[in-house]
Amino acid sequence: RANDSLFVFVELTIDQSRSSNPYLVKDSLRFLTNGNNQFVNLTAYGRQVVIHRRETIEQDQTWTPDTAHLIVDAALVDSSSTLTIPAGTNVYATGQSQLFIEGSLKVEGTAEEPVTFEGARPEPDFKGEPGQWQGIRLLPASSNNQIEHAIISEGNVGLQVDSFGDEQELKLRLRSSRISDMANVGLAGFSTTILAQNTIINDCCGNLVAAQDGGTYQFFHCTFMGSTCECTPEGVPLVFENDPEVGRGTLTFSLLNSIAYGFKETAYNVLLPAGGEGEVNPAVQYSLVKVSEQAPELISVTTQI
C-alpha cells in the first residue's frame, strides 16, 4: 500500500581465507518496478582478523601486525608467559572483553607505527565513543610490563594495575603512549609501582589517574587533560588516595615537567582516611598544575595556573 515500508535484512560473511579482501565492502540491491530501476546502496566493513575468544596464553606469544587481533570475552596471559605486540599491530575488543595479564606484556610500538587498542566497531559514529570494551588489567602476579608507543582508547578503564607485591619492583613502564576516551578511569593503580614518561591521558568520564592504597607513581613529561565529561562526582583529573589498612603505608607520587589541567577548580585531589594515618609523599616540580585557593597545602607546585 502507499506509504508502507519494506524491511530487508542482509547478512555479509567475509571470507577470511583471502587476505586480499577489501576493508570496505560495497554492493547494492536492485528493484525493478514497472520498468523503473531503483537501487539501495549497501556498505559493510570487513577485515581479516585473528580472534582470541576466552583464550589462555600458556607460552610466550607474539601478535604480529600482518592481521588485526580481536578479543572476544577475554584473553589471559598466564604467569609463566609473555605477550609481545610489535609496532603497527591493531588490537580490537568487543563490549565486555578484557585483556588480563598474569605474566608480562611487552608493547613495542614506534612513533610512526603505534600499537592500538580500541573498540571493535569501525563505523565513524563509534569513533572515540567510551565504554566499547573493558580495558587492560595487570593482575597482582604480573611483573615487568612495558608499554611503549601505544594508543589505548574507547574502553572502561584503560589500564588497571594491581599489585600487593615487592614495593621496589617496577610493575609498569609506560612510555610515549596515549590513553583517552574512557568511560571510567584512564590509569588506575592499586598499591603498585608505575613509571610513566612522555604520555598523554585525556578525556575520561571519571579520573584520568586514580592511585589508591599506597605505592609509587612517577610521571615525567606527561600531560593530563580533563574534559567536560563528568560521569562521576570524583571526576578530578588526578586522585591520590591512601588507606594503610588496605595497602601499603606510604603513597609516593612525582610530577616532573608535566601538565595537569581540567575544567574543575583543581586538577588533583589527595584523600586520606578519617584518622589521617595514611602517609602521602608528593613531589611536584617544574609542572603546570591547575589548583584553586582551597587546594591542599600538602602539595607545593613550582608553577601553577
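The values are calculated or read from the model by the stated rules, or taken from the named source; none is laboratory data. These numbers were taken from a predicted model, which means no experiment stands behind them. Using ideal geometry, Cβ is built from the backbone for each residue, glycine included, and neighbour counts are taken over all protein chains shown. Note: areas computed on protein heavy atoms with side chains; ligands, DNA, RNA excluded. Shrake-Rupley method; radii C 1.70, N 1.55, O 1.52, S 1.80 Å.
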Seminar exercise, completed: Considering the range 143-170, residues that are open to solvent by less than 50 Å² (accessible area, probe 1.4 Å) and modelled with pLDDT under 95, and then whichever is nearest to THR94 (Cα to Cα), we arrive at ASP162
Exercise. Being assigned to a helix (DSSP H, G or I) and touching a strand residue (DSSP E or B) at 6+ places or on another chain (Cβ under 8 Å), is that true of even one residue in the range 135-152?
Worked result: no
For this session: Return a yes/no flag: does the range 86-96 have any residue that is in contact (Cβ under 8 Å) with a residue 60 or more places away in the chain, small (Gly, Ala, Ser), closer than 27 Å to SER163 by Cβ and open to solvent by 50 Å² or more (accessible area, probe 1.4 Å).
Result: no
Seminar exercise, completed: Taking first residues from the range 224-245 that are closer than 16 Å to VAL291 by Cβ and second residues anywhere that are surrounded by 18 or more Cβ atoms within 10 Å (Cβ to Cβ) and modelled with pLDDT under 70, the pairs with Cβ under 9 Å that are 6 or more apart or on different chains are GLY226/GLY235
Problem set entry | Positions within the range 56-69 being under 28 Å from ASN198 (Cα atoms), in a strand (DSSP E or B) and open to solvent by less than 30 Å² (accessible area, probe 1.4 Å), in sequence order | ALA68, HIS69
Exercise. VAL157: under 13 Å from VAL209 (Cα atoms) and not in a strand (DSSP E or B), yes or no?
Worked result: yes
Exercise. Has the range 99-122 got any residue that is of a type outside the set (Phe, Trp, Tyr), outside any loop (DSSP other than H, G, I, E, B), modelled with pLDDT under 95 and open to solvent by 50 Å² or more (accessible area, probe 1.4 Å)?
Worked result: no
Problem set entry | Enumeration of residues in the range 58-71 that are within 25 Å of PRO140 (Cβ to Cβ), hydrophobic (A, V, I, L, M, F, W, C) and free of Cβ contacts under 8 Å to residues at least 40 places away in the same chain | TRP63
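Within the range 124-140, count every residue that is crowded, with 16+ Cβ neighbours inside 10 Å and small (Gly, Ala, Ser).
Residues in the range 124-140 being crowded, with 16+ Cβ neighbours inside 10 Å and small (Gly, Ala, Ser): 2 in total.
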Exercise. Are any residues in the range 97-114 of a type in the set (Ser, Thr, Tyr) and touching a residue at least 40 places away in the same chain (Cβ under 8 Å), and if so, which ones?
Worked result: SER104
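Could you run through the range 61-72 and say how many residues are in contact with a Ser or Thr (Cβ under 6 Å, 6 or more places away or on another chain) and more than 16 Å from ILE152 (Cα to Cα)? Give the steps one after another, and end with the answer.
Restricting attention to the range 61-72, the residues satisfying the condition of being in contact with a Ser or Thr (Cβ under 6 Å, 6 or more places away or on another chain) are 62-63, 65, 71-72.
Subsequent filtering for residues that are more than 16 Å from ILE152 (Cα to Cα) retains 62-63, 65, 72.
Within the range 61-72, residues that are in contact with a Ser or Thr (Cβ under 6 Å, 6 or more places away or on another chain) and more than 16 Å from ILE152 (Cα to Cα) number 4.
Among the candidates ASN21, ASN37, ASN41, which residue alone is open to solvent by less than 90 Å² (accessible area, probe 1.4 Å), modelled with pLDDT of 85 or more and either part of a loop (DSSP other than H, G, I, E, B) or at negative phi (or both)?
Values: ASN21 fails: modelled with pLDDT of 85 or more; ASN41 fails: open to solvent by less than 90 Å² (accessible area, probe 1.4 Å).
Among ASN21, ASN37, ASN41, only ASN37 is open to solvent by less than 90 Å² (accessible area, probe 1.4 Å), modelled with pLDDT of 85 or more and either part of a loop (DSSP other than H, G, I, E, B) or at negative phi (or both).
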